[in-house]
1. List every residue pair whose Cβ atoms lie under 6 Å apart, where the two residues are 6 or more positions apart in sequence or sit on different chains, the first residue falls within segment B:10-32 and is more than 9 Å from chain A (Cβ to nearest Cβ), and the second residue, located anywhere, is at pLDDT 95 or above and surrounded by 16 or more Cβ atoms within 10 Å (Cβ to Cβ).
2. Failed condition for B:Ile147, given (1) under 23 Å from B:Asp82 (Cβ atoms); (2) within 14 Å of another protein chain (Cβ to nearest Cβ); (3) at pLDDT below 95; (4) crowded, with 18+ Cβ neighbours inside 10 Å, with all others met?
3. Is there a residue in segment A:50-67 that is over 30 Å from B:Phe52 (Cα atoms) and over 31 Å from the mean Cα position of the chain (by Cα)?
4. How many of the residues making up segment B:40-75 are surrounded by fewer than 15 Cβ atoms within 10 Å (Cβ to Cβ), closer than 27 Å to B:Gln127 by Cβ and within 14 Å of chain A (Cβ to nearest Cβ)?
5. Looking at segment A:14-40 only, could you name the residues that are more than 7 Å from chain B (Cβ to nearest Cβ) and either buried (at least 16 other Cβ atoms within 10 Å of the Cβ) or at pLDDT 85 or above (or both)?
6. List the number of the failed condition for A:Asp6; all other conditions in (1) in a helix (DSSP H, G or I); (2) within 14 Å of another protein chain (Cβ to nearest Cβ); (3) closer than 30 Å to B:Glu46 by Cβ hold.
7. Can you tell me how many residues in segment A:15-26 are within 10 Å of B:Lys27 (Cβ to Cβ) and basic (Lys, Arg)?
Amino acid sequence: MTSFEDQLRQALTRKEPPPNFAARVMERAKRQESVLAVGWQWLSGRAWTPRLVPVMAALLLVGGAAFYREHQRATEGEAAKEKLLVAVRIAGSKLQKTQQQVMKIQFGRVNQ
Amino acid sequence: MVALTTSASAQCETSLPVFCDALEANKAMVYSIAWHFLRDRAAAEEIAQDVFLELHRSWRSMQSAQHIMFWLRKVASRRCIDVVRRRKAHRETGLEEIAEPTALERVQDTLLSSYLERMVGSLPEKQRILVVLRYQEGMEPEEIARILDMNVNTVKTQLSRALDLLRAKTAHRLHPEWSEST
């Protein structure tokens, strides 16, 4: 270990957190625990909770199907847009070629 | 579940005495990692609190005191890097932009530590966390590699680059012999 590394080690010694740090963490931990406990009690205390499972599954299925349909539509739309852009590009280049031909013919007439 | 002593301190008279002991034993480590990385007391405390809350949530999966320490170092390091990455608006000061040590710093060695701390704080984030884990925690490159999911050789290379950067900026100003000891 070089003296520079020793100095670095000395500079980076551990620091104590502010006073009451542990108390603040414990307070938040307790709050977190009680929120979880209340949530669990609320869920498990409901007799109708098991009956919700098929409803939730159905909702998930319908939601998933809608999302998939939307995704498909977006993909198809993107593909169509791409095709259109290619067509426009081809038409543009053809138009440019035709324009050049016309210019050539016109210049030819003027020179004659 | 961990098998730590169950003597709760006065600050933690709660239903979680074992967690409380782990908190007491590791709070300086986690806070210091965040402080040396961010050099911002409020942010360091917030990160340290969040890390311990996450530990509290994951408490059941902890197997030993060593496992807790490994886990805390890992989560603290990752959180620090995330915070810096999220602070898009916060402009990082490059090593080149940091003012050279003043004449006072040259004569007073007591200021050297704080100068070095500032220099470490301005390193690129990956190198900074490596330096903090290596010199604050005294970890070997192999352990650091495991914590940060990095290749050992990459850790060694990055550490060596970080040291070169720090030396380049400080050695010739403060202790000329450092530049020769590379």
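The values are calculated or read from the model by the stated rules, or taken from the named source; none is laboratory data. Model, not experiment: these values are computed from the prediction. Here Cβ is always computed from backbone atoms with ideal geometry, including for glycine, and neighbour counts include all displayed protein chains.
1. Close Cβ pairs satisfying both conditions: B:Asn26/B:Leu72.
2. Single failed check for B:Ile147: (2).
3. The initial filter retains those residues of segment A:50-67 that are over 30 Å from B:Phe52 (Cα atoms), namely A:50-67.
Those left that are additionally over 31 Å from the mean Cα position of the chain (by Cα): A:50-51.
Within segment A:50-67 (the criterion being over 30 Å from B:Phe52 (Cα atoms) and over 31 Å from the mean Cα position of the chain (by Cα)), the answer is yes, since at least one residue qualifies.
4. Residues meeting the conditions: 2.
5. Keep residues of segment A:14-40 that are more than 7 Å from chain B (Cβ to nearest Cβ), which gives A:19-20, A:27, A:31, A:33-40.
The answer is A:Pro19, A:Asn20, A:Glu27, A:Arg31.
6. Checking A:Asp6 against (1) in a helix (DSSP H, G or I); (2) within 14 Å of another protein chain (Cβ to nearest Cβ); (3) closer than 30 Å to B:Glu46 by Cβ, the one that fails is (3).
7. The qualifying residues number 0.
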